[in-house]
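Reviewing the structure listed below.
The values are calculated or read from the model by the stated rules, or taken from the named source; none is laboratory data. Model, not experiment: these values are computed from the prediction. Cβ: placed from backbone, ideal geometry, glycine included. Neighbour counts: every protein chain shown.
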Amino acid sequence: MDRIYNHLLKDHFASNRQMALVSGPRQVGKTTTATMLFPDALYINWDNQDDRLAITRGVEDCIKTYNLDRVQAENQLLIFDELHKYRKWKQFLKGFFDSYGKHYRILVTGSAKLNIYKKIGDSLMGRYFPYRMHPLTIGELADSTPGATEIRPPRQISADSVETLLAYSGFPEPFLKSNKRFYNRWRKLRTEQLLREDVREITNIHEISQLEIMARLIRHQAGCLLNYSTLARQINVTVDTIRRWLAVLENLYYCYTITPYHTNVPKSLRKQPKVYLWDWSLADDYGARNENLVASHLLKAVHYWNDAGFGNYELHYVRDKAKREVDFLVSREGCPWLLVEVKAGSTGSMSPHLHYFSKLLQVEHAFQVELAAPYVEADCFASGRPIKVPALTFLSQLV
């Protein structure tokens, strides 16, 4: 299927000499996108034993193994898959790019964040641009072509597609099949591979069973404030261990956290994060799944806007000690820009907290996003005041 990342990567190699580092969750479509988009590329996979041997022997041996020292078409593309599992992957890429970057285009894909070993080896600064691949979303299903600006015109998709996203996730294979029995098997296998194989390959964690318990607890806390001390007591480990394991689960794209926005917010929360799942379909509670769905749409938009060069965007929530809270705040260049409150229904009154923080922070846009409301052919972002908007309309204007 045509994805927005196809266009993003084509534009990258048409305009830039730097490597493209594409990271994202397991089975989100990184390898499929790369190999279908560039069928003539040389594909080198760390999980393949022969490829692994060539990589570990060094750049020059890799050049000889794949006959890259012969006359080649200029700018041939090389795809390195799962290279982050190699402890010295940064040194390898730096050496390869510095020696042969003028002759080859390089695409690196990985199912863990490609800065997971950021304290090891030489810096790649100036040698790559990062791209973060997300599951399918309403905006991408409505229109997979990039827009000239951050916000795109509204595009309609069926309400059934939203229910399919909620039930089967935005990962391409289970979404396209929309089969409950396949989804159950896919989810079980993917979770086991992530929490056992991937953890063992890139960490020194031995308490895998306790880490799995933590992952299950996080599933039940999607959209909630994360209390490290409570998790530590439940799993019988230290708070420092919880923080370390959470970082591992984030690096493996199991979950992500957003922090409170506190600038110019009197008596605001400052440290306690909220946690969400990359696969929102894992959230058992339907309300939490709805909120997680919107959170993931906003995170995808923020990552895309940053990676595509639109500016510096960050995703937060806002809450004060009087327990006034709005689910999400997107900042642009460090300043509050967009507030989003999520509601499952479509008949409730406007959230007073949305009004309060909208006035306090002087945001450009403030929306109460209603999941059950029907699609409306209108630009949500044309309004400069807090308004109620259908999720189908609002989310279609993102990526």
(Q) Tally up the residues in region 22-55 that are closer than 14 Å to H84 by Cβ and among the β-branched types (V, I, T), please. (A) 4
Q. Which residue, of R319, R289, is crowded, with 16+ Cβ neighbours inside 10 Å, assigned to a helix (DSSP H, G or I) and outside the structural domain of H12 (by TED's automatic domain parsing)?
A. R289
**Q.** Candidate set from region 48-88 (those that are in contact (Cβ under 8 Å) with a residue 60 or more places away in the chain and under 22 Å from E197 (Cβ atoms)); member that is surrounded by the most Cβ atoms within 10 Å (Cβ to Cβ)
**A.** H84
Q | All helices (runs of 4 or more DSSP H) inside region 124-210 with 1 or more residues being closer than 30 Å to K94 by Cα | A | 199-202
Q. Got at least one residue in region 142-157 being over 20 Å from D279 (Cβ atoms) and acidic (D, E)?
A. yes
Q) Any residue at all in region 268-277 that is exposed (fewer than 13 other Cβ atoms within 10 Å of the Cβ), free of Cβ contacts under 8 Å to residues at least 24 places away in the same chain and not small (G, A, S)? A) yes
Q: Hey, can you tell me all the residues within region 7-42 that are among the polar types (S, T, N, Q), buried (at least 19 other Cβ atoms within 10 Å of the Cβ) and under 14 Å from L107 (Cα atoms)?
A: S23, T33
Q: Take N45 and decide whether it is among the polar types (S, T, N, Q) and surrounded by 13 or more Cβ atoms within 10 Å (Cβ to Cβ).
A: yes
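Scan region 12-59 for residues that are assigned to a loop (DSSP other than H, G, I, E, B), of a type in the set (A, V, I, L, M) and within 16 Å of L77 (Cα to Cα) and jot them down.
Step one: filter region 12-59 for residues assigned to a loop (DSSP other than H, G, I, E, B), giving 16-18, 24-29, 38-41, 46-48, 57-58.
Okay, now just the ones that are also of a type in the set (A, V, I, L, M), so 28, 41.
Residue satisfying the conditions is A41 alone.
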(Q) Of everything in region 159-217, what is more than 20 Å from the chain's Cα centre (by Cα), under 26 Å from Y86 (Cα atoms) and in contact (Cβ under 8 Å) with a residue 60 or more places away in the chain? Give them in sequence order. (A) E201
Q | Flag if D307 is at pLDDT below 95 and within 25 Å of T137 (Cβ to Cβ) | A | no
Q) Are any residues in region 344-356 under 27 Å from the mean Cα position of the chain (by Cα) and either more than 20 Å from L293 (Cα to Cα) or at pLDDT below 95 (or both), and if so, which ones? A) A344, G345
Q: Run H297 past the list (1) assigned to a helix (DSSP H, G or I); (2) out of contact with any helix residue (DSSP H, G or I) (no Cβ under 6 Å at 6 or more places or on another chain) and report the number of the one that doesn't hold.
A: (2)
